[in-house]
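Here's the structure, in structure tokens; my notes come after.
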Amino acid sequence: MTNEELMCLAAEARKLAYAPYSHFCVGAALLTSSGRVYTGCNIENAAYSPTNCAERTAFFKAVSEGEREFAAIAVTGGKMGEKPSFCAPCGVCRQVMAEFCGADFTVVLGAPGHLTCMRLEALLPASFGKANLALAEEN
């Protein structure tokens with residue numbers, strides 16, 4: 001699957017966002033190493049903290065079905081009723097990506113026809129992960 005195809009799936013997922021408070025809709029399409037794609041959209045809540053981002057929705061769907069190896073994720077967002085555009089993942093989503101993916105994991109940002117590809121290590125430098133917990137257990 002190409003990055004462009006993955007971004008088109010993210011743009012489609014964005015249409016399903018539940019964003020009655022921020023009116024900011026985000027879609028994500030997560031490609032597994034086996035070639036399967038899981039999509040997600042942001043789902044808001046009036047209490048705000050239970051809100052879930054599109055990226056985490058896609059990851060949690062995939063992980064709940066047994067997937068553990070991922071190749072890339074495409075993310076797009078923007079105000080409701082406007083064309084999708086560049087939308088970088090929040091810090092919590094970046095940390096979830098770091099839990100399941102290596103530093104070279106591909107993150108595709110933008111919109112169909114306008115892509116920017118980054119590596120997870122560029123989005124989350126000096127991340128906290130499993131190795132940090134192993135060090136804590138040794139001390």
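Read the figures in this text as sums done on the coordinates, not as results from a lab. Keep in mind that what you see is a predicted model, and the values were worked out from it rather than measured. Positions of Cβ are generated from backbone atoms using ideal geometry, with glycine treated the same way; all protein chains shown enter the neighbour counts.
Where a Cα-Cα gap under 21 Å defines reach, which lysines qualify for LYS83, not counting those fewer than 8 residues away within the same chain?
Qualifying lysines at Cα under 21 Å: LYS15.
Scan the chain and report its longest stretch carrying no chymotrypsin sites (Phe, Trp or Tyr not before Pro) that are both in a DSSP loop and have at most 15 other Cβ atoms within 10 Å.
87-127
Quick one: helix 54-64 against the long Cα principal axis of the chain, what's the angle to the nearest 10°, folded into 0 to 90?
With both axes taken from Cα atoms, the answer is about 60 degrees.
Longest segment of the chain with no trypsin sites (Lys or Arg not before Pro) in a DSSP loop having at most 16 other Cβ atoms within 10 Å?
Here the longest run is 69-139.
Relative contact order for the range 1-74: what percent, with Cα pairs under 8 Å and sequence separation of 6 or more?
31 percent
Would you mind ranking THR76, THR57, THR2 by Cβ crowding within 10 Å, fewest neighbours first?
So the residues, fewest neighbours to most, are THR2, THR57, THR76.
For the range 23-73, what is the charge dipole size about the Cα centre, in debye to the nearest 20, if Lys and Arg each add +1 at the Cβ and Asp and Glu each add -1 at the Cβ?
40 debye
Among residues other than SER34 whose Cβ falls under 15 Å from its Cβ, what is the net charge (Lys/Arg +1, Asp/Glu -1)?
Surrounding charge for SER34 is 0.
Report, to one decimal in Å, the Kirkwood hydrodynamic radius for the chain based on all distinct Cα pairs.
After inverting the mean inverse Cα-Cα distance, the result is 15.1 Å.
Using only Cα atoms and rounding to the nearest 10 degrees, what angle (0 to 90) does helix 3-14 make with the longest principal axis of the chain?
70 degrees
Test of understanding: in a Gaussian network model of the chain with alpha carbons linked when under 10 Å, which of LEU123, LEU109, LEU30 would top the mean-square fluctuation ranking?
Comparing LEU123, LEU109, LEU30 in the GNM, the peak value goes to LEU123.
For a footprinting-style exposure proxy, rank MET1, MET97 by other Cβ within 10 Å, fewest first.
MET1, MET97
Could you line up SER34, SER85 from fewest to most neighbouring Cβ atoms inside 10 Å?
SER34, SER85
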